[in-house]
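Student: Encoded as structure tokens, here's the structure I'll be asking about.
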Protein chains: 2
Amino acid sequence: MRSPRLQGEARISAPITIEDVAQAAGVSTATVSRVLNHSAPVSPETRARVEDAISYLSYRPNDVARSMARGRTATIGLVLDDLTNPFNSQAAEIVIHGAEKSGFRTILGLAASQSGRCAQVIEFLLRQRVDGFLFGQARLEEPAIEALLDRGFPVVLFNRRLHRARASFVGCDNYGGSTAAANHLIGLGHQSLAVIAGPANLSTVVERIDGFQAALRAARMQAAPVFYTQYHPGDAYNAMKELLQRDRKPTAVFATTDFMALEAIQYAVDHQLEIPGDLAVVGFDDITLAAHPWIRLTTVAQHIAEQAARAVERLLEAIGGKQVPREAELLPAELVVRRTCGGGR
Amino acid sequence: MRSPRLQGEARISAPITIEDVAQAAGVSTATVSRVLNHSAPVSPETRARVEDAISYLSYRPNDVARSMARGRTATIGLVLDDLTNPFNSQAAEIVIHGAEKSGFRTILGLAASQSGRCAQVIEFLLRQRVDGFLFGQARLEEPAIEALLDRGFPVVLFNRRLHRARASFVGCDNYGGSTAAANHLIGLGHQSLAVIAGPANLSTVVERIDGFQAALRAARMQAAPVFYTQYHPGDAYNAMKELLQRDRKPTAVFATTDFMALEAIQYAVDHQLEIPGDLAVVGFDDITLAAHPWIRLTTVAQHIAEQAARAVERLLEAIGGKQVPREAELLPAELVVRRTCGGGR
DNA sequence: CTGAAAGCGCTTACAG
DNA sequence: CTGAAAGCGCTTACAG
């Protein structure tokens, strides 16, 4: 048996292997493996000897070798655009914890929304041999994801969906939430509405605009002008500037995210407009700070934590071989009326 | 050679291996490995045949097997408390990208600041055989990290340091930033100052309090009362309540993070206090929203992105075998005067 | 420049 | 209940 002194001497001593444990316990590596994994019955005495050796040597199984031998890595790949949006980082946190509970680790791939990056990230994760994928920021057309789907690879999307229908997805009721927002604004008497949106190739953006316009149509009002942006910092600020220079200035603006709403407000305030007096603003997401007394942003609340949690569940089931439902699962999105729309408290 | 039709038929077809490529190209796996890694000269004709086979078969190297064979994983472990704090998620993003540039992947371990969790996370990452560790949220005493250090394992800390000195660290000038904050408040004529702090076992908290008190001492004022919290949501709200019930109410409060400052403001505003008229508030971090016209929080700006970037650099050097400096590297922390302290614009 | 072979640290049929 | 051995998919001395 290796003397404990040896470990102290070497700096980064070569890690203890299952072989070392087997020798110390006087058994085969197969037996050590069995007590480690509870994969087959082992006599109480043998088990005790092995466990002693394990703790005496501070043995730490090598997960890389394990993955190699098992042919699966117990790893899921989570693909997100970035972590600057609190919405994304919250989702990441939920996914990591959810996966961990089932013994899965998660590798985070940041796709930075540049075209081509998503394919690159998938390639990268495929080399790591992840057992499945979670996409939180897919665009409507995403060939690389569709290729995965075609191969029958375990894939679950959340938040944003693909154009093509048959894929496991969990999102929120963007349409309904936006309709409620529009109706509230209409009820307040607004006649000139506008929307500041993200890119038109995102399902969330499309659905939020559609829901919003549908409400106007139902009220026999003309469609609201839509200003599309790339969701870059500063985009909504500029959008607001643009909208206020038009002939028919909006009296109410709906932004497809809270961050955009906050930026739009920033422009308005910087230019001596009163919110909500001169301009009503409604966002979407209900980030933590939306409720702050200095903000009190009217917005549509969606429960990202639950979306992410459901998405991992689905993925884990798919990886486990279960037949995963192909229908979309939609969580509710509720209007939260606060101050910035003028009708709230 | 495997017919392409075969791939289409199977659902998740067994991935192509280096063996398949070697066969298709009529060479040994050693040769394929050489062209893949440019690890040894290969004749142009052979190389061409191998490359054709690779693209024809859409071969994707197995990183798990690679790690196994090489004895190193090209992976770093990043340990953070959580991702809800934008400060943390920004750091995570920087680290992931920085590591990727050098061909390293990063596994994120969330330590949720419960005692014992850090050791668990380290254990988990050690099993994955990460090549080094990055800690962004260490507490002053962290036996598990110290054990790593003692073993000579590549470790770099950022943001918060350990009590023990000899460890690679990059942080910011918490002391100087807080001194500046205190001096500004003193210059504004405040006599009754208080601080809302995080846990006392965090280097950032200790240094920020020390810097703050030092300024008061230099001005021959008595030390400010410190209210310690656990950095949980709601903690600063309650702290503010407590402080305002005391005999000697503070006219100015310094919070050790912007989130805490915002919560303190929330309590004050909820209870009809005017900011900064009735109460001046200063934070620390300078999160994005601190600059919003509806907030305009006076705060101490620290450049987390650079901290994180420097930390990965250091770690990568350490993993590469370079002797890494043991001294702390401190980035500047600058006071940003805005509205909430009463002296700004 | 190229190949045969050993080895990385596990798991898992296969025998007994 | 236990062990000997093959195998997971690569890389890397070692020969030639």
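The values are calculated or read from the model by the stated rules, or taken from the named source; none is laboratory data. Please read these numbers as outputs of a predicted model, since none were measured by experiment. We place every Cβ from the backbone using ideal geometry, glycine too, and count neighbours over all the protein chains shown. When the accessible area is computed, the model is the full protein with side chains, heavy atoms only, and any ligands, DNA or RNA have been set aside. Shrake-Rupley method; radii C 1.70, N 1.55, O 1.52, S 1.80 Å.
Student: Looking at (1) open to solvent by 60 Å² or more (accessible area, probe 1.4 Å); (2) over 38 Å from the mean Cα position of the chain (by Cα); (3) modelled with pLDDT of 95 or more, can you tell me which one B:Arg5 breaks?
Tutor: (3)
Student: For segment B:284-338, give me every one of the strands (runs of 3 or more DSSP E) that falls completely inside it and has 3 or more residues that are farther than 18 Å from B:Glu263 by Cβ and not charged (D, E, K, R).
Tutor: By residue number, B:328-331, B:333-336.
Student: Here's a check for you: in segment A:67-100, which residue that is more than 11 Å from the chain's Cα centre (by Cα) and touching a residue at least 60 places away in the same chain (Cβ under 8 Å) is nearest to B:His97 (Cα to Cα)?
Tutor: Restricting to residues being more than 11 Å from the chain's Cα centre (by Cα) and touching a residue at least 60 places away in the same chain (Cβ under 8 Å), the top hit is A:Ile76.
Student: Now for a separate question. Sort through B:Arg72, B:Arg60, B:Arg49 and tell me the only one that's more than 8 Å from DNA strand D (Cβ to nearest atom), assigned to a loop (DSSP other than H, G, I, E, B) and of a type in the set (Lys, Arg).
Tutor: One residue alone meets the criteria, B:Arg72.
Student: Then there's this: Name every residue in segment B:288-343 that is open to solvent by 20 Å² or more (accessible area, probe 1.4 Å) and of a type in the set (S, T, N, Q), in order of residue number.
Tutor: The answer is B:Thr288, B:Gln323.
Student: Inside segment A:27-66, can you point out the residues that are touching a residue at least 12 places away in the same chain (Cβ under 8 Å) and of a type in the set (Val, Ile, Thr)?
Tutor: A:Val27, A:Thr31, A:Val32, A:Val35, A:Thr46, A:Val50, A:Ile54
Student: Name the one entry in A:Gly211, A:Gly177 that is of a type outside the set (A, V, I, L, M, F, W, C), without any contact (Cβ under 8 Å) to a residue 60 or more places away in the chain, in contact with a Gly (Cβ under 8 Å, 6 or more places away or on another chain) and open to solvent by less than 20 Å² (accessible area, probe 1.4 Å).
Tutor: The unique qualifying residue is A:Gly211.
Student: Scan segment A:27-79 for residues that are within 30 Å of B:Glu93 (Cβ to Cβ), more than 10 Å from DNA strand C (Cβ to nearest atom) and either of a type in the set (A, V, I, L, M) or surrounded by fewer than 16 Cβ atoms within 10 Å (Cβ to Cβ) (or both) and report the count.
Tutor: Here the count works out to 4.
Student: Separate question: Give just the number: which of (1) away from every other protein chain (no Cβ under 11 Å); (2) out of contact with any strand residue (DSSP E or B) (no Cβ under 8 Å at 6 or more places or on another chain); (3) at pLDDT 95 or above does B:Ala301 not satisfy?
Tutor: Here B:Ala301 clears every test but (2).
Student: So, A:Ile275, is that one within 11 Å of another protein chain (Cβ to nearest Cβ) and part of a loop (DSSP other than H, G, I, E, B) or not?
Tutor: Yes, satisfied.
Student: Only one of these conditions is not met by B:Arg127: (1) crowded, with 18+ Cβ neighbours inside 10 Å; (2) at the interface with another protein chain (Cβ under 10 Å from one of its Cβ atoms). Which number is it?
Tutor: For B:Arg127, the failing item is (1).
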